[in-house]
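The values are calculated or read from the model by the stated rules, or taken from the named source; none is laboratory data. Nothing here was measured: the structure is a model prediction, and the numbers come from that model. All Cβ positions, even for glycine, are placed from backbone atoms using ideal geometry, and neighbour counts span all protein chains on display. Heads up: the accessible areas ignore ligands, DNA and RNA and are worked out on the full protein's heavy atoms, side chains in. Shrake-Rupley method; radii C 1.70, N 1.55, O 1.52, S 1.80 Å.
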Amino acid sequence: MDQLVSSAAMATIDSDAQLQYKIPGLSLMETAGFKIWASLAAEIHKEQHLVFLCGGGNNGGDALVVARLAFDQGYVNQVCILIGNHISPSCAVQREIIQAYGLPSIMLGDEISPQVTRALLDAGVVFDGIAGTGLKGPLQGISKTLVALANKSKALRVAIDIPSGLGDMISPDEIHFLADRTCTLGLSKAAFYHPLSRNDCGQIEILNPSFPARLLENVQAEGKLIDPKEVKMHALSSAAFKNSRGHVAIIGGSKSYTGAVRLSARAAFSSRAGLVTLFCDQEVFQLAATESPSVMVKTLSENDDFSPFNALLVGPGWGKGRESLLEKLFLTKKPMVLDADGIKAYANLLKDKKRPPHGPLLLTPHLGELRELAFSVFGDQALSLGKQDTPEAFFSMTRKLSRELDAILIMKSSLVHIAGAADQLIVMEGLNPSLGVAGSGDILSGIIAALLGNGIELAQTAVIGSAIHQNAGRLAHEELGYYDSETLLGFIGKAVGEMEQ
Ligand SMILES: NC(=O)C1=CN([C@@H]2O[C@H](COP(=O)(O)OP(=O)(O)OC[C@H]3O[C@@H](n4cnc5c(N)ncnc54)[C@H](O)[C@@H]3O)[C@@H](O)[C@H]2O)[C@@H](O)CC1
Ligand SMILES: Nc1ncnc2c1ncn2[C@@H]1O[C@H](COP(=O)(O)OP(=O)(O)O)[C@@H](O)[C@H]1O
């Protein structure tokens, strides 16, 4: 499990390592450069042109160490592009060293020279050491121009510590280095894990330039990264039977959306629910009753009794105008998963200042639904949680929203962010586009409802359920490449089986 930290927290570790533990900054920089080069050297050919973009801070100093180590090992087709007016002491030393070595370098002023344009376009590998934790605000001036040009290059793009332009207080909408690889130092950074940033960091590798373990362990983290492959769950007792495995009620399905509830129901069975009853509109009844023989199907009415159920899943394919029914369902105080149109109905209640009391509650919004919820609770104060938001705003707003709603939020994108299950935000890397297919979210909500029905604790349900979904997607992708949601259903039981212990 990796901690995700802000740049400010990482910079404090850097200075504590030097002030408290007396490790010289230059020594940290040398080790950083050494580890970065060691992790990449085997993948780079000596004939390739290497371009190092070096700012005036210590991030630029790291890049110069990498350049020198590469040069020493015969990677002589290289050039260091030097920018910046304020040069940090350690970076100044590295600049003197490369001069003494006779490494080719170009000092840039305010404009790009044709020589630099050519070097970037011909490059086999571009190393980005323009700015790391010391970046203040969106990229400006020559740094911005250089990054825009580097992003057009066909080279392998390697970011040192942080792709320049990404930061906690900077929207991922602003220009930043588009990395294929990020060699990050010390701990992974929260700014990589905004839903719209992660893809631009490429493969992330964490390298420790000998920061003391105590400093890394005691850091105040913004979030933690959990690998779905490492999530485990208790195996069912061999004496378990349908009545002990939980009875899930799914409330959803309307004339225009007949498939969602059926996917949720089948996903619930594959995730160990013993019984599933579907409450749907009349128009869906016939279809569901004939095509889903394992599911008990009922027509939804105002007077349904939900007391026999262990968990409710509300919302898949439900359609509009369900607010008053949702209020009634909340009153049952049953453990509930709210998805899709259920979330929209809840947002409408919240907009009308209605806050019905509820039992254990888990919401599974995608980013659009999350935006709607945040707006309905915080109004104009809510950041839009969209493209223009900063990682800091995304992390703090989602934690605040979860507290305000007294609910766990599972936010769906190419990553999964879970707020409310722990003090920190939990992040799970999905990065599997085969899961981004119609009905995939309905499957996730069915899985989660089954776990709630099994009696698994709410916070654990969010983590285990998201991991089952991601692991099923991975298994399906390994076997089939791409698939539809009905096919994905066939991999859920297998993912559960692998996770049981
Ligand atoms: N103690 C050390 O020597 C170590 C430093 N480390 C490296 O040092 C980095 C932090 O170094 P610094 O604190 O010197 O800062 P950085 O080098 O990250 O950033 C400062 C540089 O960015 C420029 N800059 C800031 N805001 C800008 C903007 N909006 N547009 C354009 N340019 C901008 C500054 O002019 C300066 O050149 C880490 O990210 C890491 O890479 C690590 O190697 C660990 C050891
Ligand atoms: N690139 C991706 N990598 C991993 N998971 C993804 C990716 N794209 C989408 N997903 C997952 O697929 C699901 C899509 O859900 P949703 O948007 O609600 O779709 P639908 O409404 O069609 O069911 C979410 O759980 C999301 O996390």
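Candidates in segment 112-128 are the residues that are part of a helix (DSSP H, G or I) and not hydroxyl-bearing (S, T, Y); of these, the one that is surrounded by the fewest Cβ atoms within 10 Å (Cβ to Cβ) is P114.
Residues that are more than 9 Å from ligand 1 (Cβ to nearest atom) and among the acidic types (D, E) within segment 32-86 comprise E43, E47, D72, listed in sequence order. Against the condition of a type in the set (A, V, I, L, M, F, W, C) and at pLDDT below 95, how does I36 come out, does it pass? No: the conditions fail for I36. Elements of the type strands (runs of 3 or more DSSP E) sitting completely within segment 243-307 and holding at least 3 residues that are under 25 Å from A495 (Cβ atoms): these cover 247-251, 275-280.
Report, by residue number, each residue of segment 232-242 that is surrounded by 15 or more Cβ atoms within 10 Å (Cβ to Cβ) and not in a loop (DSSP other than H, G, I, E, B).
Residue satisfying the conditions is M233 alone.
Might you let me know whether segment 408-419 holds any residue that is near ligand 2 (Cβ under 6 Å from one of its atoms), in the same structural domain as A476 (by TED's automatic domain parsing), at pLDDT 95 or above and not in a loop (DSSP other than H, G, I, E, B)? Looking through segment 408-419, at least one residue is near ligand 2 (Cβ under 6 Å from one of its atoms), in the same structural domain as A476 (by TED's automatic domain parsing), at pLDDT 95 or above and not in a loop (DSSP other than H, G, I, E, B). When segment 51-75 is limited to residues that are touching a strand residue (DSSP E or B) at 6+ places or on another chain (Cβ under 9 Å) and among the β-branched types (V, I, T), the one that is nearest to A92 (Cα to Cα) turns out to be V66.
Has segment 375-391 got at least one residue that is touching a Gly at 6+ places or on another chain (Cβ under 7 Å) and either not aliphatic (A, V, I, L, M) or not assigned by TED's automatic domain parsing to the domain that holds R198 (or both)? Looking for residues that are touching a Gly at 6+ places or on another chain (Cβ under 7 Å) and either not aliphatic (A, V, I, L, M) or not assigned by TED's automatic domain parsing to the domain that holds R198 (or both), one finds none in segment 375-391, hence no.
Within segment 439-463, the set of residues being open to solvent by 10 Å² or more (accessible area, probe 1.4 Å), away from ligand 2 (no atom under 11 Å from the Cβ) and under 17 Å from S414 (Cα atoms) comprises just one member, V463.
I need the full set of residues from segment 189-213 which are open to solvent by 10 Å² or more (accessible area, probe 1.4 Å) and touching a residue at least 40 places away in the same chain (Cβ under 8 Å), in order please.
Of all residues in segment 189-213, those open to solvent by 10 Å² or more (accessible area, probe 1.4 Å) come to 195-196, 198-200, 202-208, 210-213.
If the condition is that a residue be open to solvent by 10 Å² or more (accessible area, probe 1.4 Å) and touching a residue at least 40 places away in the same chain (Cβ under 8 Å), then P195, L196, R198, N199, G202, E205, I206, L207, N208, S210, F211, P212 are the ones that fit.
Suppose the filter is within 16 Å of ligand 2 (Cβ to nearest atom) and either out of contact with any His (no Cβ under 6 Å at 6 or more places or on another chain) or among the charged types (D, E, K, R) (or both); does D168 pass it? When the stated conditions are applied, D168 does not pass them.
Residues in segment 420-438 that are near ligand 2 (Cβ under 8 Å from one of its atoms) and among the aliphatic types (A, V, I, L, M) were compared, and the one that is nearest to R262 (Cα to Cα) is A438. Residues that are at negative phi and either touching a residue at least 12 places away in the same chain (Cβ under 8 Å) or of a type in the set (A, V, I, L, M) (or both) within segment 310-325 comprise N310, A311, L312, L313, V314, P316, W318, K320, R322, E323, L325, listed in sequence order.
Out of all the residues in segment 477-501, which are within 24 Å of T258 (Cα to Cα), crowded, with 18+ Cβ neighbours inside 10 Å and either in contact (Cβ under 8 Å) with a residue 40 or more places away in the chain or away from ligand 2 (no atom under 14 Å from the Cβ) (or both)? Those that are within 24 Å of T258 (Cα to Cα), crowded, with 18+ Cβ neighbours inside 10 Å and either in contact (Cβ under 8 Å) with a residue 40 or more places away in the chain or away from ligand 2 (no atom under 14 Å from the Cβ) (or both): Y483, S485, L488, L489, I492.
For segment 267-309, the set of residues classified as free of Cβ contacts under 8 Å to residues at least 24 places away in the same chain and either open to solvent by 30 Å² or more (accessible area, probe 1.4 Å) or touching a Cys at 6+ places or on another chain (Cβ under 6 Å) (or both) consists of Q282, F285, Q286, A289, T290, P293, M296, K298, T299, S301, N303, D305, listed by residue number.
Residue-by-condition table, conditions (1) near ligand 1 (Cβ under 7 Å from one of its atoms); (2) open to solvent by 20 Å² or more (accessible area, probe 1.4 Å); (3) touching a residue at least 40 places away in the same chain (Cβ under 8 Å):
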| site | (1), (2), (3) |
| --- | --- |
| I130 | yes, no, yes |
| G134 | yes, yes, yes |
| L139 | yes, no, no |
| L146 | no, no, yes |
| L149 | no, yes, no |
| A159 | no, no, yes |
| S164 | no, no, yes |
| G167 | no, no, yes |
| I170 | no, no, yes |
